[in-house]
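Any read-out appearing in this document is the output of simple, stated calculations on the displayed coordinates, not a laboratory observation. Not measured: the values here are computed from a predicted model. Every residue, glycine as well, gets a Cβ built from its backbone with ideal geometry; the counts of neighbours run over all protein chains shown.
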Amino acid sequence: MNHPDAHTEVLVFDTGPLTHFAKEGWLGTLKAIVGDRRALVPDVVVSELEVGALLDGRVKSVLEADWLVHRELSAPTEMAALATFTTRLVVGRRNLGECAVLALGQVLGATVVVDDGAARKAAHDHGIACKPTLSLLCEGIRNGLLTIDLVSHLADDLIRGDYRLPFPVGGFRQWAIDNGVVPEPRAG
């Protein structure tokens, strides 16, 4: 099935979140957050994941996950969008995955899951809905799927695995309070 159901949000994942959730053992939690939404992985990202799996066997679980749909970019509109983002973001061979994610997100009207700052800015500039990893995790808390403590542990594992988040190990709770994700604890 190449066309998403118009009533279900479609998420298009970049390499980074998938790789790090797999490496740190949290891919099942990501699946729970996705829920009944369609989760697409562009062919360029699949290629990046295949290389990653050769370097770290834990990444193979992403390639085998049945809830992640591998999606080849081939339609003329997809290729044109890919060219636009490639011109803007690619440096050497870097950011190809982000470009494919943005192209698919734009053409399908899907939400992109990227953490790279330049890709998030490009999504904003092109009117593409974007949910960075932290946004998905906070959504999981608001929807009652995850607890603050669970996300704190998950975030700490991601940081220890060299994933960049806007706070240090142990800093999720305060970051969440400061950013209005969770209410401040009551005094007394």
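Dipole of the chain computed with +1 at Lys/Arg Cβ and -1 at Asp/Glu Cβ about the Cα centre; of V107, G171, L73, farthest Cα towards the positive end is G171.
For the chain, what does the relative contact order come out to in percent, with C-alpha contacts under 8 Å and a separation of six or more?
Working: 254 pairs, mean separation 39.9, N = 188.
It comes to 21 percent, rounded to a whole number.
If you run the Gaussian network model on the chain, springs between alpha carbon atoms under 10 Å, then out of A22, A80, A110 the most flexible one is A80. A Förster radius of 22 Å, combined with the Cβ-Cβ distance separating D125 from T8, puts the computed FRET efficiency at roughly 0.25.
To one decimal place, what Kirkwood hydrodynamic radius in Å is obtained for the chain from all pairs of distinct Cα atoms?
17.0
Label separation (R88 vs V69): 2.5 nm, computed from points 7 Å beyond Cα along the C-beta direction. Antiparallel beta bridges, as assigned by DSSP with both residues in the chain, represent about 10 percent of the total such bridges. Within the same chain, aspartates and glutamates fewer than 8 places from K60 are excluded, and of the rest, those with a Cα less than 18 Å from its Cα are D14, E24, D43, E48, E50. The Cβ shell under 13 Å around V44 holds other residues with a net charge of -4, Lys and Arg each +1, Asp and Glu each -1.
Close amide H contacts of V112 (hydrogens built in the peptide plane, cut-off under 5 Å, sequence separation of 5 or more or a different chain): V12, A129, C130, K131. Arranged from fewest to most other beta-carbon atoms within 10 Å of their beta carbon, L18, L108 become L108, L18. Each other residue within a Cβ distance under 15 Å of L55 adds +1 if Lys or Arg and -1 if Asp or Glu, for a net charge of -1.
Take D14, D116 and order them by how many other Cβ atoms sit within 10 Å, fewest up front.
Numbers: D14 28, D116 20.
Result, fewest neighbours first: D116, D14.
Label sites at K31 and M79, each approximated as a point 7 angstrom past Cα along Cα to Cβ, lie 3.5 nm apart. Rg then Dmax, both in Å and based on the Cα atoms of the stretch 115-188: 13.5, 47. Compared with the dominant principal axis of the Cα atoms in the chain, helix 133-142 is inclined by about 50°. Counting beta carbons within 10 Å around each of L68, L30 and listing the fewest first gives the order L68, L30.
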